[in-house]
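One structure is given below, encoded as structure tokens.
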Amino acid sequence: MTQISHDRIQAQSRSTFKVFRRIDTRWMDNDVYGHVNNVVYYSWFDTAVNAHLIEQGALDIHRGETIGLVIETHCNYFSPLAFPQVVEAGIRVARIGASSVRYEVGLFAQGEDLCAARGHFVHVYVDKQHRRPVKALPSNLKTVLEKLV
């Protein structure tokens, strides 16, 4: 695959990410140009991170008192992905604040060492009822996040 190099932004290796999640592309992910449409990548970021947090017991989307709201997101694209490829999402945490977390995600074609795309998003964790930032991240969430730094 051809890799595109941006001025300072470059595709990264698998070794820079802490955990991986498999994502199966769907027929509807492709656009008229024959590759996965850019908006799908953002969905994959959100899905990979939240599924990991749920599986680790750090996030209860139905009964939990704290939820994460996305306040920033960004993506750089290096090579195309397309249905019917399998994508592997690498996850790491770049920063943990009092109530916010910056997640970084690399999307890899199955078996490839360099990411096809990489990006980030920032969650601000808020009280579910009042939607105000929490004073401190819940301890179980923070424990899981620290393993991804």
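The values are calculated or read from the model by the stated rules, or taken from the named source; none is laboratory data. Keep in mind that this is a model prediction, so the values were computed, not measured. Cβ placement follows ideal geometry from the backbone for every residue including glycine, while neighbour counts extend to all protein chains displayed.
Matching residues to (1) of a type outside the set (Asp, Glu); (2) in contact with a Ser or Thr (Cβ under 6 Å, 6 or more places away or on another chain); (3) closer than 18 Å to residue 44 by Cβ:
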site	(1), (2), (3)
66	yes, no, no
72	no, no, yes
76	yes, no, yes
85	yes, yes, yes
100	yes, no, no
105	yes, no, yes
112	no, no, yes
121	yes, yes, yes
124	yes, yes, no
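Looking at this structure, is residue 109 hydrophobic (A, V, I, L, M, F, W, C) and within 15 Å of residue 144 (Cα to Cα)? It would help to see each step written out before you state the result.
Working: hydrophobic (A, V, I, L, M, F, W, C): yes; within 15 Å of residue 144 (Cα to Cα): no.
No, not satisfied.
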Looking only at residues that are more than 27 Å from residue 133 (Cα to Cα) and aliphatic (A, V, I, L, M) in the range 88-111, which one is surrounded by the most Cβ atoms within 10 Å (Cβ to Cβ)?
107
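Is there a residue in the range 99-118 that is touching a Pro at 6+ places or on another chain (Cβ under 8 Å), farther than 18 Å from residue 19 by Cα and not acidic (Asp, Glu)? Can you show your working first?
Taking the range 99-118 and keeping what is touching a Pro at 6+ places or on another chain (Cβ under 8 Å), we get 99-100, 116.
From the residues that got through so far, the ones that are farther than 18 Å from residue 19 by Cα too are 99-100.
Adding the requirement that they be not acidic (Asp, Glu) leaves 99-100.
Checking the range 99-118: at least one residue is touching a Pro at 6+ places or on another chain (Cβ under 8 Å), farther than 18 Å from residue 19 by Cα and not acidic (Asp, Glu).
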Quick one: residue 55 ticks every box in (1) farther than 30 Å from residue 132 by Cβ; (2) surrounded by fewer than 16 Cβ atoms within 10 Å (Cβ to Cβ); (3) acidic (Asp, Glu) bar one, so which box is it?
(1)
In the range 24-52, residue surrounded by the fewest Cβ atoms within 10 Å (Cβ to Cβ) [restricted to those that are of a type in the set (A, V, I, L, M) and closer than 21 Å to residue 101 by Cβ]
51
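Please tell me if residue 83 is of a type in the set (Phe, Trp, Tyr), farther than 24 Å from residue 131 by Cα and free of Cβ contacts under 8 Å to residues at least 60 places away in the same chain.
Numbers: of a type in the set (Phe, Trp, Tyr): yes; farther than 24 Å from residue 131 by Cα: yes; free of Cβ contacts under 8 Å to residues at least 60 places away in the same chain: yes.
Yes; evaluated as a whole, the condition is true for this residue.
Please tell me if residue 40 is within 14 Å of the chain's Cα centre (by Cα) and within 22 Å of residue 125 (Cα to Cα). Don't jump to the end; show me each part of the working.
Details: within 14 Å of the chain's Cα centre (by Cα): yes; within 22 Å of residue 125 (Cα to Cα): no.
No.
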Picking from 61, 96, 23, which residue would you name as being touching a helix residue (DSSP H, G or I) at 6+ places or on another chain (Cβ under 8 Å) and at pLDDT below 95?
61
Of the residues in the range 112-142, those that are under 27 Å from residue 82 (Cα atoms) and either modelled with pLDDT under 95 or aromatic (Phe, Trp, Tyr) (or both) come to 121
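Out of the strands (runs of 3 or more DSSP E) lying entirely within the range 1-119, which hold 1 or more residues that are farther than 26 Å from residue 138 by Cβ and among the small types (Gly, Ala, Ser)?
Here the list reads 100-109.
Can you pull out every residue in the range 121-136 that is in a loop (DSSP other than H, G, I, E, B) and without any contact (Cβ under 8 Å) to a residue 60 or more places away in the chain?
Going through the range 121-136, the residues in a loop (DSSP other than H, G, I, E, B) turn out to be 128-132, 134-136.
Across the range 121-136, the qualifying residues are 130, 132, 135, 136.
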